1. Collect the residues in the stretch 122-149 that are over 30 Å from Asp86 (Cβ atoms) and either at pLDDT below 95 or part of a helix (DSSP H, G or I) (or both), keeping them in residue-number order.
2. Can you tell me which residue among Pro58, Pro40 is free of Cβ contacts under 8 Å to residues at least 24 places away in the same chain and either in contact with a helix residue (DSSP H, G or I) (Cβ under 7 Å, 6 or more places away or on another chain) or at negative phi (or both)?
3. Looking only at the stretch 62-74, decide whether some residue is modelled with pLDDT of 95 or more and either within 15 Å of Arg137 (Cα to Cα) or not in a helix (DSSP H, G or I) (or both).
4. Consider only pairs whose beta carbons are under 9 Å apart and that are at least six residues apart or on different chains; among these, list those whose first residue lies in the stretch 75-97 and is surrounded by 15 or more Cβ atoms within 10 Å (Cβ to Cβ) and whose second residue is of a type in the set (Asp, Glu) and in a helix (DSSP H, G or I).
5. So how many residues does the stretch 76-111 have that are under 22 Å from Pro142 (Cβ atoms), basic (Lys, Arg) and either in a helix (DSSP H, G or I) or touching a strand residue (DSSP E or B) at 6+ places or on another chain (Cβ under 6 Å) (or both)?
6. Please find, within the stretch 123-152, the residue that is surrounded by the fewest Cβ atoms within 10 Å (Cβ to Cβ) out of those that are over 16 Å from Trp91 (Cα atoms) and touching a Leu at 6+ places or on another chain (Cβ under 6 Å).
7. Give the residues of the stretch 1-47 that are hydroxyl-bearing (Ser, Thr, Tyr), exposed (fewer than 13 other Cβ atoms within 10 Å of the Cβ) and not in a loop (DSSP other than H, G, I, E, B), sorted by residue number.
Amino acid sequence: MSVESKIYSPKPLLTAEELKACVRKWGLELRLLDGNDAIPESPITGTLDGDYLLIVWPAANAERTATIDAAIARRDKTPIDELAKDENISWCSLYGRHFNYAEHWSEIPEEVDAYEASMPADKLQRVKSAITRYWLRSGTWPVGCAQLVDGLTRVLVKETSGLKSD
């Protein structure tokens, strides 16, 4: 079972640095791994147009931050996996994409009428005018991962003038 959330925004994709700054406002630290759940050769920076694994923990825990940053610097995922197994970090996938409503539905035209009928007109207009879509996804275990999707959804909606839509 998974928890998912899609956020449509009229603003361009955030950068990795902007996303980190957003979650710091909420007292959290965030690091990005690549979409294959691996530590990239160099830190992920710039526009978040792609697939990523986000790992998050309380910013007040300096020891955890040091452990994770050292593991990333060594490209050794074992300490991160151990923290995850012990439920000391939360994680979820982030898929960031440029978005074009017409192009998106041209791939599945048989579903567009049902989708549009399910949306209030004001929300539908916001989705149609969005230029960015974020999709967050996580399993339901541990509970912190599902809570992370909920929290990041709220952060992205607020910080990008976005709209959550399923």
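The values are calculated or read from the model by the stated rules, or taken from the named source; none is laboratory data. Note that this is a predicted model, so its numbers are computed, not measured. For neighbour counting, all protein chains shown are included, and Cβ atoms are generated from backbone atoms with ideal geometry for every residue, glycine included.
1. Asp122, Lys123, Leu124, Gln125, Arg126, Val127, Lys128, Ser129
2. That would be Pro40, the only listed residue that is free of Cβ contacts under 8 Å to residues at least 24 places away in the same chain and either in contact with a helix residue (DSSP H, G or I) (Cβ under 7 Å, 6 or more places away or on another chain) or at negative phi (or both).
3. Among the residues of the stretch 62-74, not one is modelled with pLDDT of 95 or more and either within 15 Å of Arg137 (Cα to Cα) or not in a helix (DSSP H, G or I) (or both), which makes the answer no.
4. Asn88/Glu82
5. 1
6. It comes out as Arg126.
7. Within the stretch 1-47, Ser2 is the sole residue that qualifies.
Results for (1) farther than 30 Å from Ser129 by Cβ; (2) in contact with a Leu (Cβ under 9 Å, 6 or more places away or on another chain), shown as yes or no for each residue.
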| residue | (1), (2) |
| --- | --- |
| Thr15 | no, yes |
| Thr47 | no, yes |
| Arg64 | yes, yes |
| Arg75 | yes, no |
| Ile89 | yes, yes |
| Tyr95 | no, yes |
| Pro109 | no, no |
| Val112 | no, no |
